[in-house]
Structure formats: C-alpha cells, structure tokens
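Engineer: The structure that follows is given in the form of structure tokens.
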Amino acid sequence: MKQRSIPVCIILSLITCGIYFLYWFVCITDDTTRISTKYNTSGGMALVLTLITCGLYGFFWAYKMGECMDELRMKSGEPMGNLPIIYLILNLFGLSIITAALIQSDLNKYDFAA
C-alpha cells in the first residue's frame, strides 16, 4: 500500500476537476481490497459500475468501504464504529471526497503488508 498525502489528493482532485479523484477512488478501493475480506471488487470495476449506474453504485461502495475500515480497525484492536453509515451519509450529500479522505487517513494510519 502506498502512503498518500490527503491534502495533495484533494488539491489535485479540485485542480483537475475531479479527474484525479477518479484515480484516487481506484487506488483506495484496490488498497482496501488487499487488506479486507468484506469487499472483493477491483477499483477499476468499482469505478465502471459507479459510472454506469450514474453514481448509484457509489452509495453501495461507500457502505462497503465503511465495513472494510471497521474490519481494519478491529484487526488493529481498536473499537469498531459506525463508519458504513457515516460514509453512506457523506456520499448521499455529495461529499465523496471527504469519504475518500477518511478512508485514505485510515489506510495511512495502519500499515498492513498485503
């Protein structure tokens, strides 16, 4: 897993009008898939499904990423939270960039060799 700077990812996403966000979406999905048993879809496939469904798959993706991050926290001995619901609500309000930043924060925090 590659450590990514969250502010740089957000700035690049804004500067490129969301194009970098698509790349970041694929990367965090792939990284999460490597460390979790709850989600087995590649980042590219998740992106395609999100685009084909006009964003509807993104809500499912957010919920599953929350489950994966809860699993990651459990592996680290931390208490699980309500991340699936939090990520879903953020995406419902169009704040998927914040969801991605929170996921990246957890991925940066826990260094699991996959």
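The values are calculated or read from the model by the stated rules, or taken from the named source; none is laboratory data. Predicted model only: the values in this text are computed from it and were never measured. All Cβ positions, glycine included, derive from the backbone under ideal geometry; neighbour counts span all protein chains shown. Side chains included, ligands, DNA and RNA excluded: accessible areas come from the protein's heavy atoms. Shrake-Rupley method; radii C 1.70, N 1.55, O 1.52, S 1.80 Å.
Engineer: Search the stretch 38-59 for residues being of a type in the set (Phe, Trp, Tyr) and in contact (Cβ under 8 Å) with a residue 12 or more places away in the chain, and hand back the single one that is farthest from LEU83 (Cα to Cα).
Structural biologist: Checking each candidate, the answer is TYR39.
Engineer: I'd like the residue in the stretch 72-114 that is more than 15 Å from the chain's Cα centre (by Cα) and aromatic (Phe, Trp, Tyr) and, out of all such residues, is most open to solvent (accessible area, probe 1.4 Å).
Structural biologist: Per the criteria, the residue is PHE93.
Engineer: Checking the structure you have, find out if any residue of the stretch 41-49 is part of a helix (DSSP H, G or I) and farther than 18 Å from TYR23 by Cα.
Structural biologist: No, the stretch 41-49 contains no residue that is part of a helix (DSSP H, G or I) and farther than 18 Å from TYR23 by Cα.
Engineer: Let me ask you something else. So GLY58 fits all but one of (1) open to solvent by less than 40 Å² (accessible area, probe 1.4 Å); (2) touching a Gly at 6+ places or on another chain (Cβ under 8 Å); what number is the exception?
Structural biologist: It fails just one condition, (2).
Engineer: Could you check how many residues of the stretch 26-41 are open to solvent by 10 Å² or more (accessible area, probe 1.4 Å), closer than 14 Å to GLY66 by Cα and in contact with a Gly (Cβ under 8 Å, 6 or more places away or on another chain)?
Structural biologist: Residues that pass the stated criteria total 1.
Engineer: All but one of (1) under 17 Å from ASP31 (Cβ atoms); (2) assigned to a loop (DSSP other than H, G, I, E, B) hold for LEU107, so report the exception by its number.
Structural biologist: Against the list (1) under 17 Å from ASP31 (Cβ atoms); (2) assigned to a loop (DSSP other than H, G, I, E, B), LEU107 comes up short only on (2).
Engineer: Separate question: For the stretch 1-21, which positions are under 17 Å from ILE103 (Cα atoms), in a loop (DSSP other than H, G, I, E, B) and open to solvent by less than 90 Å² (accessible area, probe 1.4 Å)?
Structural biologist: MET1, ARG4, SER5 - these are the residues of the stretch 1-21 that are under 17 Å from ILE103 (Cα atoms), in a loop (DSSP other than H, G, I, E, B) and open to solvent by less than 90 Å² (accessible area, probe 1.4 Å).
Engineer: Please name all residue pairs, on different chains or six or more residues apart, with Cβ atoms under 7 Å, provided the first residue is in the stretch 3-22 and is at pLDDT 95 or above and the second residue is exposed (fewer than 15 other Cβ atoms within 10 Å of the Cβ) and of a type outside the set (D, E, K, R).
Structural biologist: What qualifies is ILE6/SER105.
Engineer: Give the stretch 69-93 a look and list any residue that's touching a Phe, Trp or Tyr at 6+ places or on another chain (Cβ under 6 Å), part of a helix (DSSP H, G or I) and either at pLDDT below 90 or among the aromatic types (Phe, Trp, Tyr) (or both), or say none.
Structural biologist: Result: LEU72, single match.
Engineer: Here is a follow-up. Is it the case that LYS38 is more than 22 Å from SER5 (Cα to Cα), part of a helix (DSSP H, G or I) and basic (Lys, Arg)?
Structural biologist: no
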